[in-house]
């Protein structure tokens with residue numbers, strides 16, 4: 001057991017062992033299509049050491065467990081991860097009886113080259129050989145003889161090619177004429193998990209393709225025609241949802257056909273099925289409509305929400321609830337992304353104007369698998385670091401499914417009873433954030449980058465035109481142009497005399513402003529200083545903050561000399 005543990009290497013959220021890679025998703029270790037819960041280290045009060053308890057096997061109906069003590073939390077957790085992999089080592093690394101190991105597969109071509117009788121072997125003999133996995137660029141391929149011709153299958157990952165090879169040895173991969181729906185869906189589920197490494201995606205696929213098996217039964221792919229798809233759409237529109245009791249919408253039918261289309265394309269591409277993908281044809285012809293949700297908070301609703309958040313009680317659990325709502329309002333992040341945040345994701349940065357906060361969404365917590373960062377107020381970032389979560393996790397009280405469900409129910413009650421906001425879900429914060437960003441003049445491209453959307457079309461689905469918004473966008477455009485005019489281009493525009501009527505009424509204000517150093521103001525991408533001198537306002541425009549700061553110091557020295565005189 002110790003030799004196995006020494007061979008396991010942990011790099012962040014990735015675990016490597018004998019060519020296999022496993023992913024750590026929160027408190028779970030994903031191995032194949034299964035997710036194993038990682039035991040949480042418990043600290044003893046007297047010794048202050050962390051205890052790990054792991055179940056190894058069952059003998060005679062009794063559980064066999066192992067206990068270990070460590071000085072730090074990370075050492076205990078890493079040991080638990082290694083013990084889980086060591087426990088499952090036999091089922092993961094040892095090949096099945098009818099499948100040779102990778103070493104044997106690599107030696108097969110060499111043995112064939114040594115024996116001259118195999119060089120003159122016919123194509124029938126080549127078809128019986130066990131093909132091996134070859135790396136071709138960034139992809140993996142398997143070359144196999146079928147019906148006297150060499151067929152090449154390409155795969156994106158090594159695990160996908162290995163599963164195909166195992167199915168080939170077991171005889172699961174049969175002729176395309178006899179492949180059934182359930183068999184094809186199972187093959188695509190394994191491929192989907194190897195790409196996404198997310199069990200939620202696999203369960204979502206199973207949920208959407210279940211109606212096809214209920215309507216058609218376990219039929220063969222070769223017997224499906226375009227009429228089957230069209231009849232399915234006609235009958236499905238007459239069904240009612242088991243959850244809500246309402247008729248099935250076109251967007252739900254489109255989601256089901258999209259999953260069928262993806263599985264069908266994969267089976268054709270990898271050689272499991274031959275023929276035409278009729279689901280793709282029907283989707284392009286019918287163009288079913290998506291139901292777009294339009295719900296964004298108004299100005300009065302946001303104001304009421306902020307007031308009620310500040311009225312919530314104090315305490316660690318209540319602070320987590322406050323942070324849960326405020327992060328969604330400030331960043332428009334998804335619910336799962338917010339709950340996966342750690343203390344290392346909250347950062348303090350600095351620029352020319354001063355300090356500011358930032359949330360850095362890493363690839364292991366985002367839905368798209370890409371990193372993104374978005375700034376937040378400095379005070380809010382410091383409050384999150386000081387008052388929320390423990391040393392590592394930002395929301396330790398809401399990690400399992402039961403706690404997340406309780407948090408969602410509390411959020412709905414809080415909005416309805418305290419804020420009087422109805423028909424609003426946490427995901428609607430993304431609609432609100434995208435709508436306000438669009439109203440402030442941000443382009444769809446910038447909104448997609450900051451909000452984590454894959455395409456501009458997705459952004460357009462989240463932007464809602466609110467009734468109270470009636471500002472003229474040309475005003476912002478022209479004001480920005482006027483503020484960007486530099487003093488080198490138009491010298492006369494820098495001196496702006498006050499009207500004669502206002503000079504008398506503001507004579508006392510001038511005396512008060514004479515002894516003050518003017519402030520630096522940021523307007524658009526420029527910096528300006530407004531100086532009141534000789535009854536007139538002089539506006540000095542600068543391209544950088546350093547130039548404005550140097551000019552401000554010169555004005556300060558001039559004022560000190562005048563006071564001394």
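In nm, give the distance between the simple-model label positions of residue 295 and residue 151, each being 7 Å from the Cα along the Cα-to-Cβ direction.
Label-label distance for residue 295 and residue 151, simple model: 4.9 nm.
Counting alpha carbon pairs within less than 8 Å and at least 6 residues apart, what relative contact order, in whole percent, applies to region 299-462? Each step should come with its number before you reach the end.
On the way: 196 pairs, mean separation 40.9, N = 164.
Here the relative contact order equals 25 percent.
Modelled label-to-label distance, residue 286 and residue 422, 7 Å Cα→beta-carbon offset: nm?
Using points 7 Å along Cα→Cβ, the separation is 3.4 nm.
Let me know the shape class of region 355-395, please: from the alpha-carbon gyration tensor, a ≥ b ≥ c as square roots of the eigenvalues, rounded when a/c is under 1.5, otherwise prolate if a/b is greater than b/c, or oblate. If you can, show how the numbers build up before the last one.
On the way: a/c = 3.51, a/b = 1.37, b/c = 2.56.
Since a/c reaches 1.5 but b/c is at least a/b, the shape of region 355-395 is classed as oblate.
Taking a point 7 angstrom from the Cα of residue 382 along the C-beta vector, which residues in region 327-361 have backbone N less than 16 Å away?
Only 347-351, 354-358 pass the distance filter.
With labels modelled as points extended 7 Å from the Cα through the Cβ direction, what inter-label distance (nm, one decimal) is found for residue 274 paired with residue 204?
Between residue 274 and residue 204, the simple spin-label model gives 3.5 nm.
Rank the residues 297, 559 as a footprinting-exposure proxy: fewest other Cβ atoms within 10 Å of their Cβ go first.
Numbers: 297 24, 559 15.
Sorted ascending by nearby Cβ count, the order is 559, 297.
What length, rounded to one decimal in nm, is gained on full extension from residue 143 through to residue 547, with 0.36 nm per residue of separation minus their alpha-carbon distance? Walk me through the numbers before you get to the answer.
Values: separation 404, 0.36 × 404 = 145.44 nm, distance 6.65 nm.
Extra length available between residue 143 and residue 547 comes to 138.8 nm.
Quick check on region 292-380: take the gyration tensor over C-alpha atoms, sort the square-rooted eigenvalues as a ≥ b ≥ c, and tell me if it's rounded (a/c under 1.5), prolate or oblate.
rounded
For region 379-468, what does the relative contact order come out to in percent, with C-alpha contacts under 8 Å and a separation of six or more? Working shown, then result.
Details: 45 pairs, mean separation 15.7, N = 90.
Relative contact order here is 17 percent.
Taking 0.36 nm per residue of sequence separation and subtracting the Cα-Cα distance, how much length would be gained by fully extending the chain between residue 226 and residue 9, in nm to one decimal? Don't skip to the answer; put the middle values down first.
On the way: separation 217, 0.36 × 217 = 78.12 nm, distance 5.07 nm.
Gain on extension, residue 226 to residue 9, equals 73.0 nm.
Would you please classify the overall shape of region 299-462 from the alpha carbon gyration tensor, given that a ≥ b ≥ c denote the square roots of the eigenvalues, rounded means a/c under 1.5, and beyond that prolate means a/b larger than b/c while oblate covers the rest? List each step's numbers first, then the result.
On the way: a/c = 1.37, a/b = 1.13, b/c = 1.21.
Judged from the Cα gyration tensor, region 299-462 comes out rounded (a/c under 1.5).
When the Cα centres of region 527-565 and region 383-451 are compared, how far apart do they sit, in Å?
When both Cα centres are located, 44 Å separates them.
Starting from the Cα-Cα distance between residue 413 and residue 445, subtract it from 0.36 nm times their residue separation and give me the gain in nm to one decimal.
The span from residue 413 to residue 445 would gain 8.0 nm if fully extended.
Throughout, read-outs are computed from the coordinates displayed, never taken from laboratory work. Small disclaimer: the values here were computed from a predicted structure and weren't measured. Counting neighbours? That spans all protein chains shown, and the Cβs are built from the backbone with ideal geometry, glycine included.
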